[in-house]
Amino acid sequence: MTCISFLTDFGTKDGNVGVMKGVIWGIAPAVQISDLSHDITPQNILEAAFVLGRAAPYFPKDTIHLVVVDPGVGTGRRPMAAEIGPYRFVGPDNGVVTWVVSHADDMGWSQAFVHLDKPQYWLPEVSHVFHGRDIFAPVAAHLAKGAPIKAVGTPIEDPVLLALPEPVKRQDEILGEVIYIDHFGSLVTNIRSADIQADGKVSIEVRGMRVEGLVKTFGDREPGSLIALFSSTGDLILSVVNGSACHVLRGQVGDKVKISLSLE
Amino acid sequence: MTCISFLTDFGTKDGNVGVMKGVIWGIAPAVQISDLSHDITPQNILEAAFVLGRAAPYFPKDTIHLVVVDPGVGTGRRPMAAEIGPYRFVGPDNGVVTWVVSHADDMGWSQAFVHLDKPQYWLPEVSHVFHGRDIFAPVAAHLAKGAPIKAVGTPIEDPVLLALPEPVKRQDEILGEVIYIDHFGSLVTNIRSADIQADGKVSIEVRGMRVEGLVKTFGDREPGSLIALFSSTGDLILSVVNGSACHVLRGQVGDKVKISLSLE
Amino acid sequence: MTCISFLTDFGTKDGNVGVMKGVIWGIAPAVQISDLSHDITPQNILEAAFVLGRAAPYFPKDTIHLVVVDPGVGTGRRPMAAEIGPYRFVGPDNGVVTWVVSHADDMGWSQAFVHLDKPQYWLPEVSHVFHGRDIFAPVAAHLAKGAPIKAVGTPIEDPVLLALPEPVKRQDEILGEVIYIDHFGSLVTNIRSADIQADGKVSIEVRGMRVEGLVKTFGDREPGSLIALFSSTGDLILSVVNGSACHVLRGQVGDKVKISLSLE
């Protein structure tokens, strides 16, 4: 049974998430749907791309990732589907697949993109403002039922990709930034575990505070301690044990993070 | 496979939504359940009725809409099921089906209502305060398994229906009001696309602001612009592009909206 | 089909709940998953234990309760599974099963616990910070597919159990406390319906307010009234009709509640 992961900025009050599931189950009644997030900051495509990029590799092969953060709905932006390695994606062509494509580049995965232009796979009536319901949900359902992506659209070669903030690496320091703040108030940086040599000494500065060394997990320090560690997806994060680094440091996306490296 | 849509004012912290799914799956293990919303303002029956009315038509035929916004639980208000056109409904007889009934009247759909009075379709013990768990979830599950609504209750002819706020239409103006505010801060009015002649000029006033003309979608204007357009379900809405009309205008449910119409 | 109930303190934005469902469906594609709550206060094991304890008995027999409130992830705390009466549990050995074990003691249910130490039931790579994804989700999925708990771990006899706040009962009074505040602002106390004699007169004091007598349900008093009644799971609660006792009384977990009993 194919699984659909489902990511939007719709919130969960208005019923639009539920409606899209109704549309999907009307076409593909047995498909499992995993809500990845519906709490993306409205219109924040980069945030959606990050959440999707971190989550996608943990889903079963053949999963269809349905992503609707779509401020350009009804304008010239193309509706899109993609096949990237073992996964498929359905959503607007606005860069939401950027992190996944970056991961696919690292993995050497195949990548194919189509412009959704076959109305026979859509609802009969298409609104100007809710392509999630009218185009993306039915297309995802048809893919789940077995339609190949070549059937639902016309190949394109130039999907929109966003500029990802890359850390600057020098001999003894790395200059990065905070790219996401999670539910526990941890500051997630764009510095990856592969960026830091395993046997060196590390000192991290953020918002005027300094953290010496990395720990393996939260419980390695006393509650209230500011710590630095790698997340479960390999990102350097700053956390407060049983607290919130975001609150303690008044951290924000975009905050600069400086790592000083030295041999021990 | 039958689908259940699920709408409450329970929030998602306390576990009551999950418990009701457990009860349903104990009776009908394979049924798909789509969370329509659990964030209805506590005890706000009219809000639930609106969300249900807008969403219901997009679900597969045979879907059972389970709605538990039930401030009168355990009092004289009747537990109810209904069969309205291709859909069934389970919940308190307090008006939550009002918008659906209004839509059914427009569509010429059949309508049948029953008072749930057959305890063999309920949990063995029924509390005074949680009929969602003890009556409505098991009845919905039995309907999903094939029980006809006539089996689960006794026909009634007088379901409770709420007074819906109707716009006042004059020759060259329409006086309506804000009836819902959505996740993106758009002000949803009770003025429908059918109320406005397609070829006229339109000017909209709300909270002392004026919007000239309608646009088709959000991206038709620059970020920050106040716009008027039709929602994906045909309601006139006021939005701020990539922002929140609710914040900008300090809009509230009940705000008056005046449309001036003129031939071009 | 086995059902999994799913309880965390992860929130719903970051995608980690969705990722765990992806991991589960990669192993057990048809299993139903009921989100019990993902809004547990971060690191609040006692709160999670309460929500689980109240909800668990309403799930179908054979349900697997997956609970990840895990501040000790990656430290010495044991990953655990349990079989308690008709249910199974998967999560950290930190006391999240305390209320369920208390209920099982009352019911005379069998209880068996295992330390999860069989990596063949885990994801191939295990992080230090997300055992929900790497250990608990795959173990729950294997249990759903039919693995017995003895296969996934080694028996232990000393699961961690928390001290539950017990009311003090005297001849004519009961001294309890607020242990949870629900979505509707009701103050849930640790006083149970069995603690109060059915035919006596009852007076309740909390935060300087006094409530005379118990009602059966919310609609028994006018909107705005402060009332005392039993919840659907038998806990004494304090509520404001169509309002919030939490807001009106500025109630908090830990508030003392005194019940005076007298024969009529």
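Worth pointing out:
- Other protein chain C-beta atoms within 10 Å of residue C-beta, averaged over A:52-61: 5.
- Taking a ≥ b ≥ c as the square roots of the eigenvalues of the Cα gyration tensor, the stretch B:215-264 is classed as oblate, since a/c reaches at least 1.5 and a/b does not exceed b/c.
- Of the chymotrypsin sites (Phe, Trp or Tyr not before Pro) in the stretch C:71-110, the ones in a loop by DSSP (not H, G, I, E or B) with at most 16 other beta carbons within 10 Å are C:109.
- Centroid-to-centroid, using Cα positions, the stretch C:30-80 and the stretch A:188-264 are 28 Å apart.
- Per residue, the average separation of C-alpha pairs within less than 8 Å and at least 6 apart gives chain B a relative contact order of 15 percent.
- In this label model, residue B:168 and residue A:161 are separated by 6.0 nm, measuring between points 7 Å along each Cα→Cβ vector.
- Global geometry of the stretch A:1-133, whether rounded, prolate or oblate, following the gyration tensor of its Cα atoms and the 1.5 cut on a/c: rounded
- Overall form of the stretch B:1-73 per C-alpha gyration tensor (a/c, 1.5; a/b vs b/c): oblate
- Inter-copy spacing of residue A:175 label points, which lie 7 Å from Cα along Cα→Cβ, given in nm from shortest upward: 6.3, 6.3
- Extending 7 Å from Cα along the Cβ direction at residue B:197 and again at residue A:207 yields two label points whose distance is 5.9 nm.
- Net charge of Cβ neighbours under 15 Å - reference residue C:225; Lys, Arg +1; Asp, Glu -1: 0
- Label points for residue C:155 are taken 7 Å from Cα along Cα→Cβ. From this copy to the others they lie 6.2, 6.2 nm apart, shortest first.
- Distances from residue A:262 to itself in the other copies, using label points 7 Å out along the Cα-Cβ axis, amount to 7.6, 7.6 nm in increasing order.
- Along its principal axes, the stretch B:146-240 has C-alpha extents of 56, 32, 26 angstrom, given from the largest down.
- Of B:169/B:201; A:21/A:150; B:61/B:216, those spanning more than 20 Å from alpha-carbon to alpha-carbon: A:21/A:150; B:61/B:216
- Size descriptor, Kirkwood hydrodynamic radius, that averages inverse alpha-carbon separations across the protein assembly as shown, Å: 28.1
- Given in Å, the Rg to one decimal and the Dmax to the nearest whole number for the Cα atoms of the stretch B:93-152 are 13.4, 40.
- For the protein assembly as shown, the Cβ-based charge dipole about the Cα centre amounts to some 500 debye (Lys, Arg positive; Asp, Glu negative; other atoms uncharged).
- Translational diffusion coefficient (Stokes-Einstein; Kirkwood radius from C-alpha pairs) of chain A at 4 °C, 1.567 mPa s, in µm²/s: 66
- Unit charges at the beta carbon, dipole of the stretch A:138-264: most positive-side option, A:246, A:175, A:193: A:246
- If you take all other residues with their beta carbon under 11 Å from the beta carbon of residue B:169, and give Lys and Arg +1 and Asp and Glu -1, the sum is -2.
- Placing +1 on the Cβ of every Lys and Arg and -1 on the Cβ of every Asp and Glu, with no other charges, gives the stretch B:79-236 a dipole of roughly 360 debye about its Cα centre.
- Cα-centred dipole magnitude for the stretch A:172-264, charges only on beta-carbon of K, R (+1) and D, E (-1), debye, nearest 20: 240
- Accessible area buried, both sides summed, chains C and A with 1.4 Å probe, Å²: 2500
- Amide hydrogen neighbours beyond the local backbone of residue A:5, cut-off 5 Å, H modeled: A:34, A:64, A:65, A:66
- Share of carbon and sulfur in the accessible heavy-atom surface of chain A [1.4 Å probe, %]: 50
- Near residue A:11: Cβ cut-off under 9 Å, other residues only, Lys/Arg at +1 and Asp/Glu at -1. The net charge is -4.
- Pair residue C:221, residue B:225: separation of 7 Å Cα→Cβ label points (nm): 5.4
- Across peptide B:65-75, the mean count of Cβ atoms from other chains lying within 10 Å of each residue's own Cβ comes to 3.
- Taking all protein chains into account, the per residue accessible area for the protein assembly as shown stands at 40 Å² (1.4 Å probe).
The values are calculated or read from the model by the stated rules, or taken from the named source; none is laboratory data. Since this is a predicted model, take the numbers as computed values, not measurements. Glycine gets a Cβ as well: all are built from the backbone with ideal geometry, and neighbour counts include every protein chain shown. All accessible areas refer to the heavy atoms of the entire protein, side chains included, with ligands and DNA or RNA removed. Shrake-Rupley method; radii C 1.70, N 1.55, O 1.52, S 1.80 Å.
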